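This report concerns only the one structure given below.
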Amino acid sequence: MGTLVGHVAPGFGFLVIGLWHLFNHVRLHSVRPGSYASLPWFPAGGRLRHLELYLIAFGSLASISMELVIGPAKHQPFDDDGSIPSDHLHNFEHAAISLALLVYSAFGVALDRLRAPLRGELTMLLAAAAFAQQLLVFHLHSADHMGVEGQYHWLLQTVIAVSLATTLLGLARPRSFLLSFVRSASIAFQGVWFVVMGFMLWTPSLISKGCFMNLEEGHRVVRCHTTEALDRAKSLVNLQFSWFMTAFLVFCVLFFLLVSKAYPEEPRYLPVVKEEGSQEEEEEEGMDLESQKLMESPSFDHMGKRLIHAMELER
């Protein structure tokens, strides 16, 4: 993952899945807001029902292969004595994230094919576990946390935390559209930020002034000549995050409006069937209701007391 392609490719995957979820959540809520319920994944039509999960599984397998087999010079990540060398630790960390996504997608397909009880909740729980592992790995990343790359990763953790929190809350509140909307948007924004990281960290012309690319432990990292240049580079990263988040929020609101307009709410028809004698029953019920209101009124109570008093006087 420590290359331009290694960030852009998974970033594109997160972006596509996030936008796919965002579209389907908005469409479902727009068409039937009263019966809306969140789904962990969305089936495609016909035989392509599990296409989303298959794409996640294929992408995860490709990522694991790149990190552990294709990427290393020896086409295997271990040292001669069978240990993990320090320059391959980040490969295993990235592969662990892909493995969690592979487990999520594989069990998502299996649970759906078996029609298992609580399959939706279990799949959501697996998604939450994948986000939790992703957050843990990036938080304890073996790569440099103090440089420019560390600043990008720290901001990425905030987005992953939102995905994790909304997924867990979605288990308790599956009918909350806002939770699903934020979760889908955060997944898509993960993809956006991965792509930004790929271009900004591995394109020499885009590196901040006063910084340079340096080869360390088998991969290139951004270093700065002075502390002032490093502080300036980190501030620029914060500005980029703020600008991209604002632009993405505008996009999400416009996307919501467009999809809602394209898929208006379906009219709900309630059948009205009257059986024979129903009109008479309604009239009787109406009369009974009026009688009850009359009996409960103060005037009727006063009139009843006067009648009882008159009867006692006659006796």
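The values are calculated or read from the model by the stated rules, or taken from the named source; none is laboratory data. If you're wondering where the values come from, they're calculated on a predicted model, not measured in any experiment. With ideal geometry, Cβ positions are generated from the backbone for all residues, glycine too; neighbour counts draw on all protein chains shown.
Scoring MET213 on the criteria (1) among the aliphatic types (A, V, I, L, M); (2) under 20 Å from the mean Cα position of the chain (by Cα); (3) more than 15 Å from HIS7 (Cα to Cα) leaves a single failure, condition (2).
Pick from GLY34, GLY11: which is more than 22 Å from ALA110 (Cα to Cα) and loosely packed, with under 15 Cβ neighbours inside 10 Å? The conditions single out GLY34.
For HIS141, state whether it is surrounded by fewer than 21 Cβ atoms within 10 Å (Cβ to Cβ) and either modelled with pLDDT under 95 or not assigned by TED's automatic domain parsing to the domain that holds SER184 (or both). When the stated conditions are applied, HIS141 passes them. Among the residues of segment 73-102, the ones that are surrounded by fewer than 12 Cβ atoms within 10 Å (Cβ to Cβ) and assigned to a helix (DSSP H, G or I) come to 1 in all.
The set of residues in segment 203-252 being on the phi > 0 side of the Ramachandran plot and not small (Gly, Ala, Ser) consists of GLU217 alone. Is it fair to say SER38 is among the polar types (S, T, N, Q), farther than 29 Å from LEU122 by Cα and in a loop (DSSP other than H, G, I, E, B)? Spelling it out, it is not the case that SER38 is among the polar types (S, T, N, Q), farther than 29 Å from LEU122 by Cα and in a loop (DSSP other than H, G, I, E, B).
Per-residue answers, yes or no, for (1) within 30 Å of ALA132 (Cβ to Cβ); (2) part of a strand (DSSP E or B):
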position: PRO174; (1), (2): yes, no
position: SER184; (1), (2): yes, no
position: ALA188; (1), (2): yes, no
position: VAL196; (1), (2): yes, no
position: PHE199; (1), (2): yes, no
position: SER205; (1), (2): no, no
position: MET213; (1), (2): no, yes
